1. Between 0 and 90 degrees, rounded to the nearest ten: what's the tilt of helix 28-39 against the longest Cα principal axis of the chain?
2. Enter the accessible area of THR39 (Å², nearest 10), with the probe set to 1.4 Å and all protein chains included.
3. Summarise the accessible area of the chain (1.4 Å probe, protein heavy atoms) by the percent that is carbon and sulfur.
4. Treat each spin label as a single point 7 Å out from the Cα along the C-beta direction, and report the THR39 to SER16 distance in nm.
5. Karplus couplings for segment 79-88 from phi (6.51 cos²θ - 1.76 cosθ + 1.60, θ = phi - 60°), rounded to Hz, Gly and Pro as x?
6. Order the following by accessible area, largest value first: HIS38, HIS12. Probe radius 1.4 Å; ligands, DNA and RNA are ignored.
7. For segment 13-93, what does the relative contact order come out to in percent, with C-alpha contacts under 8 Å and a separation of six or more?
8. Distance cut-off 29 Å, Cα to Cα: go down the list LYS36/LYS65; LYS45/LYS65; LYS13/LYS87; LYS2/LYS65 and report the pairs above it.
Amino acid sequence: EKCIKNINDNFHKDISLESIAEEFYFSPSYFSVVFKNHTGVAFSKYLSNLRIRKALELLENSDYKVYEISSMVGYHDEKYFCRVFKKEVGVPPDKYRRVT
């Protein structure tokens with residue numbers, strides 16, 4: 001639970017499975033297995049879903065530009081953020097904002 005809280009509190013930072021595992025004194029492979037057993041999804045999928053959920057909230061409830069939102073949710077590359085967003089949501093972020 002502490003690991004998940006840490007991820008939820010720091011999703012916007014440059015975190016990785018390795019950095020979280022190290023912080024809680026787990027080996028990355030052990031942490032990966034335990035995390036998936038506990039959450040039902042792999043670490044990278046959990047982090048990506050969390051970031052996209054937060055981006056959806058920001059798109060719906062703010063006037064931030066897409067590049068600002070991508071940075072706020074932990075993506076340093078706006079184009080990559082847009083690809084991930086479209087894959088998960090079905091439309092690019094700017095189009096999502098126009099239809100909501």
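The values are calculated or read from the model by the stated rules, or taken from the named source; none is laboratory data. Computed from a predicted structure; not experimentally measured. Glycine also receives a Cβ, built like all others from the backbone with ideal geometry; neighbour counts cover every protein chain displayed. Side chains included, ligands, DNA and RNA excluded: accessible areas come from the protein's heavy atoms. Shrake-Rupley method; radii C 1.70, N 1.55, O 1.52, S 1.80 Å.
1. Computed tilt is about 60 degrees.
2. The accessible area of THR39 comes to roughly 40 Å².
3. 52 percent
4. Modelled inter-label distance: 1.7 nm.
5. With coefficients 6.51, -1.76 and 1.60, one gets 5, 5, 4, 4, 5, 5, 4, 5, 4, 7 Hz.
6. My answer, sorted largest first, is HIS38, HIS12.
7. Averaging sequence separation for qualifying contacts and normalising by length gives 19 percent for segment 13-93.
8. Long pairs (Cα-Cα over 29 Å): LYS36/LYS65; LYS2/LYS65.
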